[in-house]
């Protein structure tokens, strides 16, 4: 089946003339039509536009042209602006919004020849770990429809895991590509903060947000990152650094690579099957000749409280722009301030309101030093932990999540329990470093376990090299859910 | 840290959010729980630690002050709930008594 190809396999077949972009796109649209009623991974499917783009890709190839992603069908998380295509951030407050421009990362995909299949479901404004906070209904995990796909990029993760797209863009503020990749048994990479332009990414927490990629193997992640990485004058936080050849980094060799295992990540309360899978993966790296070293990241436990001050504080400022004036529905009350309050009170969902309240409180007079400034100082300690660790090791291996995918509704009523599912992904976000999640096992119920591979800032090549080498000798990334 | 109803109402006013009575009660409890968990940070002595606002060594970016292509006005207004004469239109900012 065409939908069982990886992105890089599909590229080879397109280049060899064995398949056309229209056939490949139609196969994915057929799969989306068949599975969407059960999964709800998409908020918008742009079928007609996708087939037009695919036909254009085939014409270009027939004319002897090629480009890195020519004719490759992809899914885009619905927090990324796409000109003329609904972009809701999973929120009722942006219902009907048609962006007047396309963001840089998505435009780079288009310029490379990619075909957009549609926009994927997300927790509202990317705030959540399950997609249950979407204003448009939950996405279901392809491995067990009663379970969450993770979040916030749960739609993108489910779409790639269920073979509805060859790859996808997501965004990661505290784990939002790595955690759903782990829950859905697929691969994702959060690049270092500053690696990818965020122009056109609707902001949640500006010092943390980063666009990431989903794929079914390290090779696919490398192909996608190569296209979207790089400096953009429209985003002053995108660094003007050369973009390495990520595919060339995939040597298959990790002999002598120094891999750190932080002692703080094997915590009480972790699901035993997760710990077993991670330890087996570490043994696998050792068998490949890697140099395994125990390390310490002593401030790991503070990642969660630091994140839940900094991210809501930044969100409370960023989300001030949603007031019913320039976009989105307005709940008019006859005077401006009551209109703002009604528009925002009715337009935002429960989790977004909770975080705006928390952030507003943390920034309010008399509490700034105790909460926001304190959190920024502890953020420094967390970053220093990683700086020290990467003096001794090249890559860090850790579980992506303490458990496999939980049931829909299981944590919906308890914010703190929900936040704990990101406990292992938050520190890397706060430090701004590179992090991937790849499948490395299953639990008793057959649910996927994800392994996190962390690298120093801008060292995506080493993260991808380690992931690729592991995938040359293991088959976890090739397992597909039975749908 | 115990967050009471009055504090929730005050924050909601600052954040311009209409909340129902049920939401006020819910957030009072949940914000208290979250801030209790955050209180864990007080265990750390950070007296000599500089804050991290950004992980990047960012500098100001300058460019010549020249007009660049920008969104056409119609496109910028296209998503507005209400517009008139090429501008966003909103409800009265001042009420009849002249108070905001």
What pairs come up if the first residue lies in segment B:14-29 and is under 13 Å from residue B:2 (Cα atoms), the second is surrounded by 20 or more Cβ atoms within 10 Å (Cβ to Cβ), and their beta carbons are under 6 Å apart, counting only those six or more places apart or on different chains?
B:27/A:357; B:27/B:8; B:28/B:3; B:28/B:8
Out of A:233, A:272, A:242, I need the residue that is away from chain B (no Cβ under 14 Å), closer than 30 Å to residue B:52 by Cα, out of contact with any strand residue (DSSP E or B) (no Cβ under 6 Å at 6 or more places or on another chain) and free of Cβ contacts under 8 Å to residues at least 12 places away in the same chain. Which one?
A:242
Considering segment A:347-375, residues that are at the interface with chain B (Cβ under 7 Å from one of its Cβ atoms), at pLDDT 95 or above and surrounded by fewer than 22 Cβ atoms within 10 Å (Cβ to Cβ), and then whichever is nearest to residue A:295 (Cα to Cα), we arrive at A:373
In segment B:54-74, which residue that is within 8 Å of chain A (Cβ to nearest Cβ) and surrounded by 11 or more Cβ atoms within 10 Å (Cβ to Cβ) is modelled with the lowest pLDDT?
B:58
Options A:144, A:78: the member that is more than 14 Å from chain B (Cβ to nearest Cβ) and surrounded by fewer than 24 Cβ atoms within 10 Å (Cβ to Cβ)
A:144
Taking segment B:22-53 and keeping only residues that are more than 9 Å from every other protein chain (Cβ to nearest Cβ) and either surrounded by 17 or more Cβ atoms within 10 Å (Cβ to Cβ) or under 20 Å from residue A:337 (Cβ atoms) (or both), one is left with B:24, B:28
Kindly check whether there is at least one residue in segment A:402-416 that is within 10 Å of another protein chain (Cβ to nearest Cβ) and surrounded by 19 or more Cβ atoms within 10 Å (Cβ to Cβ).
yes
Can you name the number of the only condition in (1) at the interface with chain B (Cβ under 9 Å from one of its Cβ atoms); (2) over 18 Å from residue B:11 (Cα atoms) that residue A:298 fails?
(1)
Note on segment A:433-457: residues within 14 Å of chain B (Cβ to nearest Cβ) and in a loop (DSSP other than H, G, I, E, B) are A:433, A:456, A:457
Restricting the search to segment A:320-330, which residues are more than 7 Å from chain B (Cβ to nearest Cβ) and surrounded by fewer than 18 Cβ atoms within 10 Å (Cβ to Cβ)?
A:320, A:321
Out of A:312, A:298, which single residue is touching a helix residue (DSSP H, G or I) at 6+ places or on another chain (Cβ under 7 Å) and surrounded by 20 or more Cβ atoms within 10 Å (Cβ to Cβ)?
A:312
For segment A:2-51, which positions are outside any helix (DSSP H, G or I) and either more than 24 Å from residue A:218 (Cα to Cα) or in contact (Cβ under 8 Å) with a residue 40 or more places away in the chain (or both)?
A:5, A:6, A:17, A:20, A:40, A:41, A:42, A:43, A:44, A:45, A:46
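A quick yes/no check of all residues on (1) under 16 Å from residue A:41 (Cβ atoms); (2) at pLDDT below 95; (3) surrounded by 24 or more Cβ atoms within 10 Å (Cβ to Cβ); (4) not assigned by TED's automatic domain parsing to the domain that holds residue A:455:
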site: A:162; (1), (2), (3), (4): yes, no, yes, no
site: A:166; (1), (2), (3), (4): yes, no, yes, no
site: A:176; (1), (2), (3), (4): yes, no, yes, no
site: A:192; (1), (2), (3), (4): no, no, yes, no
site: A:217; (1), (2), (3), (4): no, no, no, no
site: A:220; (1), (2), (3), (4): no, no, yes, no
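The values are calculated or read from the model by the stated rules, or taken from the named source; none is laboratory data. These numbers were taken from a predicted model, which means no experiment stands behind them. FYI the Cβ positions are ideal-geometry reconstructions off the backbone, even for glycines, and counts take in every protein chain you see.
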